[in-house]
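The structure appears below as structure tokens.
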Amino acid sequence: MKRIINTKNAPAPIGAYNQAVLVNGTLYTSGQIAIDPKTEELKIENIQEETKTVMENLKAVLNEAKMDFSDVIKASIFLSDMGNFAAVNEIYSTYFNNETAPARECVQVAALPKYVNVEISIIAHKKN
């Protein structure tokens, strides 16, 4: 059974999609960018702040689904500049530990929504 996951603690979708979909214990999130859900403003002053905002948005979606980062099995990171990889990885890594860290890919793309520097989506799974 498919269940839509949305929370006010992450940015509202701006198109025909939801923040996440939960199917048989597996959560598929839409990509998150650095929009502050309280102000709806971008937080892109520096790549560290931007990445932290993205991860906090994902955390809010996970929490709404009664999950946390230890349940994440796959992450996809999209960067506008691979030169930001080390800084993004530094912040991203604080949300995981080595024992439960997910599989992951990181790719550079030509552009991201609202011309941000980083977008991340995740897949998480929790047995009921």
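Inside the range 90-100, residues that are in a helix (DSSP H, G or I) and either free of Cβ contacts under 8 Å to residues at least 12 places away in the same chain or in contact with a helix residue (DSSP H, G or I) (Cβ under 7 Å, 6 or more places away or on another chain) (or both) make up a count of 3. The residues of the range 7-35 that are part of a loop (DSSP other than H, G, I, E, B), in contact with a helix residue (DSSP H, G or I) (Cβ under 7 Å, 6 or more places away or on another chain) and among the hydroxyl-bearing types (Ser, Thr, Tyr) amount to a single one, THR7. Number of residues in the range 101-116 that are closer than 18 Å to ILE44 by Cβ, free of Cβ contacts under 8 Å to residues at least 40 places away in the same chain and in contact with a helix residue (DSSP H, G or I) (Cβ under 8 Å, 6 or more places away or on another chain): the value is 1. Note on the range 36-59: residues that are in contact (Cβ under 8 Å) with a residue 60 or more places away in the chain and either part of a strand (DSSP E or B) or on the phi > 0 side of the Ramachandran plot (or both) total 1.
For the criterion of being among the hydroxyl-bearing types (Ser, Thr, Tyr), surrounded by 12 or more Cβ atoms within 10 Å (Cβ to Cβ) and part of a helix (DSSP H, G or I), SER70 passes.
Rule-based calculations on the coordinates, nothing more; no lab input. Worth saying up front: this structure is predicted, and the values here are computed from it rather than measured. All Cβ positions, glycine included, derive from the backbone under ideal geometry; neighbour counts span all protein chains shown.
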